[in-house]
1. Given the options A:74, A:65, A:43, name the one that is within 14 Å of the chain's Cα centre (by Cα), away from ligand 1 (no atom under 16 Å from the Cβ), touching a residue at least 12 places away in the same chain (Cβ under 8 Å) and farther than 19 Å from residue B:47 by Cβ.
2. Just the residues that are out of contact with any Gly (no Cβ under 7 Å at 6 or more places or on another chain) and near ligand 2 (Cβ under 10 Å from one of its atoms), please, taken from the stretch A:109-129.
3. Scanning for something under 25 Å from residue B:50 (Cβ atoms), away from ligand 2 (no atom under 11 Å from the Cβ) and more than 9 Å from every other protein chain (Cβ to nearest Cβ), does the stretch A:50-58 turn up at least one residue?
4. Right, residue A:79: under 22 Å from residue A:9 (Cβ atoms) and buried (at least 21 other Cβ atoms within 10 Å of the Cβ) or not?
5. Conditions first: (1) closer than 29 Å to residue A:43 by Cβ; (2) part of a loop (DSSP other than H, G, I, E, B). Residue B:119 passes all but one, so which condition is the exception?
6. Are there any strands (runs of 3 or more DSSP E) wholly within the stretch B:1-104 with 3 or more residues that are within 14 Å of another protein chain (Cβ to nearest Cβ), and if so which?
7. Which helices (runs of 4 or more DSSP H) does the stretch A:85-140 wholly contain that include 3 or more residues that are under 16 Å from residue A:39 (Cα atoms) and away from every other protein chain (no Cβ under 14 Å)?
8. Scan the stretch A:49-63 and tell me whether some residue there is out of contact with any Asp or Glu (no Cβ under 6 Å at 6 or more places or on another chain), of a type in the set (A, V, I, L, M) and either outside any helix (DSSP H, G or I) or exposed (fewer than 14 other Cβ atoms within 10 Å of the Cβ) (or both).
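Please treat every number below as a calculation from the coordinates, not as lab data. All figures in this text were calculated on a predicted structure; none of them were measured in a lab. Note that each Cβ is placed from the backbone with ideal geometry, even for glycine, and that neighbours are counted across all protein chains shown.
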Amino acid sequence: MAELMKLHYEVNGDDFTRAGETSSKVKKTLNQLGFNPEVVRKVAIAMYEGEINMVIHADGGEIDVAIAPEKITVVMKDVGPGIPDLDMAMTEGFSTADHSVRELGFGAGMGLPNMKKYSDGLNIETELGKGTTVTLEFNA
Amino acid sequence: MSVGDRTEKIMKLSKIKEILDAEVLTGADMLETDVDSAFGSDLMSDVLAFVNDRVLLLTGLVNPQVVRTAEMMDISAIVFVRGKQPDENVIALAEAKGIAILTTAHTMYVACGRLYNEGLTGDEKEV
Ligand SMILES: Nc1ncnc2c1ncn2[C@@H]1O[C@H](COP(=O)(O)OP(=O)(O)O)[C@@H](O)[C@H]1O
Ligand SMILES: [Mg+2]
């Protein structure tokens, strides 16, 4: 197997208008590395939903991306409030987002379902009051 | 998904501009770009649930996340309905990402109806 590229990013939690910058950077890198555009799009969409969640639900966090020729892994870690009921959170349409988020086009409760749909593996570890770590895996 | 009949409904941005009496805010050099379906929504997660290239996005929202959403999905053009004018930073972001932005005074319903009437349909395939 060829080399493994590792990327690390900090996601600012105060600025919703900037949410998505990290996903944008990763998308660009994957395109430059010559990954299949369909794969790149899946990574971009799932990661973007995750990044939005980090900003609207958890005050930002850190994202680590590991890129190998056959696999892309994205780990999104925050120290936010955690998710009380994961099954509920995974349900399409379930959202605790407030009105201000909805006005911006998010908070429809489709983020986690979209992340599941577009990734080849979704793992969520969450603890109330401690934070949430979402791991997304993609077969390239 | 039916790939075979796609060519019939291809429409250039220049035609869309004409049908919607739209103004081009950025991407004037992209008017020859083709789209083959359209999606109208103010819910970005719904937009993100549908993957299709060459789709036109119509929306009443004008925040930067609309451009980000288009970027993630490789959407090449956005129409802001109801005469909504985005901030300069939104236009600049779209410009940087190579996404065309049009704005029309028509409402969402009328804008979609006009395009549909002229042959630009929706692709309801969900991934
Ligand atoms: N990183 C997170 N930290 C805390 N809660 C979260 C996080 N991600 C998701 N959630 C919870 O799960 C719910 C569903 O998430 P999602 O499907 O993305 O929908 P939405 O973001 O539109 O509310 C959110 O409303 C929120 O309550
Ligand atoms: Mg979400």
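1. Of the residues listed, the single one that is within 14 Å of the chain's Cα centre (by Cα), away from ligand 1 (no atom under 16 Å from the Cβ), touching a residue at least 12 places away in the same chain (Cβ under 8 Å) and farther than 19 Å from residue B:47 by Cβ is A:65.
2. Scanning the stretch A:109-129 gives A:110, A:111, A:112, A:113, A:114.
3. No.
4. Taking the combined requirement at face value, the residue does not satisfy it.
5. (1) is the only condition that residue B:119 fails.
6. Correct list: B:55-59.
7. Per the criteria, no element qualifies.
8. Yes, the conditions are met somewhere in the stretch A:49-63.
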